[in-house]
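Q: Got a structure for you, questions after.
The values are calculated or read from the model by the stated rules, or taken from the named source; none is laboratory data. Remember, predicted model here, so these are calculated numbers, not experimental data. We place every Cβ from the backbone using ideal geometry, glycine too, and count neighbours over all the protein chains shown.
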Amino acid sequence: MIRRSLARRIAALLVPLVLAGCGAGLMPTVHSEAERLTLARTLHDRGDYGTAAELLSLYVTNNGGAADVDEALFLLGDCHLRNKDWVAASGDFERLLRDYPESDSSAAARFGLAEADFAQSRSADFDQEFTLKALGEWQRYARDFPEHWRVGEAQQRILACRTRLADKLIRTARLYLQLRHIEPARVYFRRVTTEYADTVWLAEAELGLALCDARDGRREEAITQFKGIEERYAGRPVAQRAARERKRLERRS
């Protein structure tokens, strides 16, 4: 801690000497590893993530056993994250969490890893591998670091991941229903109601299950479900659609 404090105190003295060189696109000259890390911290804080990343990469390579290498790894990952180099950021954060699990930067690294994973995810039309990875990382972060300052943000991100996964299930279920593969459609709609009931897709899943019953010839069951949707979601478009489907079935009697 004394070493870190001293390094930060000399940063103000170092920065004026090197910023001109950084601005001109040149790597600043440093005379020790401690000076390298101090300058990298300062450049990171100033938003010069490219130069900071170069300095931090050298520091991590040259100082595997140093007391500050975990901090350097986190800063390196954050630089890559801010420069949208998602793969490099993931590698940095994963290394920190694997090699320095007791680091003071572990919580922030776990959150950063989730951010890097989510940035690589795609919309609900595509494979959701990275959405699932990001979800798992944010859930571990919230579980392992419940007092960390970004937990509230993580909970919002968790819901965003779950909402996208539910969206994917709904799209798959609708396709099966369109192809008149009723049972597979029912399975996917049911998964949303049981696994993702906290998302905005719950009502659509309930409507989908009612439509499955209607297409499957279960007229009375479908009418009952449509009525329930009309009551639970009164005033919403899904209730209006349920009413139309119910009336269509009732006219067939």
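Q: Given the condition β-branched (Val, Ile, Thr), out of contact with any strand residue (DSSP E or B) (no Cβ under 8 Å at 6 or more places or on another chain) and crowded, with 20+ Cβ neighbours inside 10 Å, answer yes or no: does some residue in the stretch 230-243 qualify?
A: Narrowing the stretch 230-243 to residues β-branched (Val, Ile, Thr): 238.
Subsequent filtering for residues that are out of contact with any strand residue (DSSP E or B) (no Cβ under 8 Å at 6 or more places or on another chain) retains 238.
With crowded, with 20+ Cβ neighbours inside 10 Å added as a condition, the list becomes none.
Within the stretch 230-243, none of the residues are β-branched (Val, Ile, Thr), out of contact with any strand residue (DSSP E or B) (no Cβ under 8 Å at 6 or more places or on another chain) and crowded, with 20+ Cβ neighbours inside 10 Å.
Here is a yes/no grid of residues against (1) modelled with pLDDT under 95; (2) touching a Gly at 6+ places or on another chain (Cβ under 7 Å); (3) surrounded by fewer than 24 Cβ atoms within 10 Å (Cβ to Cβ):
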site	(1), (2), (3)
LEU39	no, no, no
LEU43	no, no, no
ARG46	no, no, yes
THR51	no, no, yes
SER57	no, no, yes
GLY65	yes, no, yes
GLU71	no, no, yes
CYS79	no, no, no
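Q: Pairs needed: first member in the stretch 106-135, in a helix (DSSP H, G or I) and at pLDDT below 95; second member anywhere, surrounded by fewer than 24 Cβ atoms within 10 Å (Cβ to Cβ) and not hydroxyl-bearing (Ser, Thr, Tyr); C-beta distance under 8 Å; at least 6 residues apart or different chains.
A: none
Q: Inside the stretch 114-129, can you point out the residues that are surrounded by 19 or more Cβ atoms within 10 Å (Cβ to Cβ) and over 22 Å from THR194 (Cα atoms)? Spell out how you get there, then give the answer.
A: Restricting attention to the stretch 114-129, the residues satisfying the condition of being surrounded by 19 or more Cβ atoms within 10 Å (Cβ to Cβ) are 114-118, 121, 128.
Of everything in the stretch 114-129, those that are surrounded by 19 or more Cβ atoms within 10 Å (Cβ to Cβ) and over 22 Å from THR194 (Cα atoms) turn out to be ALA114, GLU115, ALA116, ASP117, PHE118, SER121.
Q: Find all pairs meeting these conditions: Cβ atoms under 6 angstrom apart; at least six residues apart or on different chains; first residue within the stretch 212-228 and within 19 Å of TYR188 (Cα to Cα); second residue assigned to a helix (DSSP H, G or I) and of a type in the set (Val, Ile, Thr).
A: That search, which allows pairs on different chains as well, returns CYS212/ILE182; ARG215/ILE182; ASP216/ILE182.
Q: Is there a residue being out of contact with any strand residue (DSSP E or B) (no Cβ under 9 Å at 6 or more places or on another chain) and surrounded by fewer than 18 Cβ atoms within 10 Å (Cβ to Cβ) anywhere in the stretch 207-216?
A: Yes: one or more hits.
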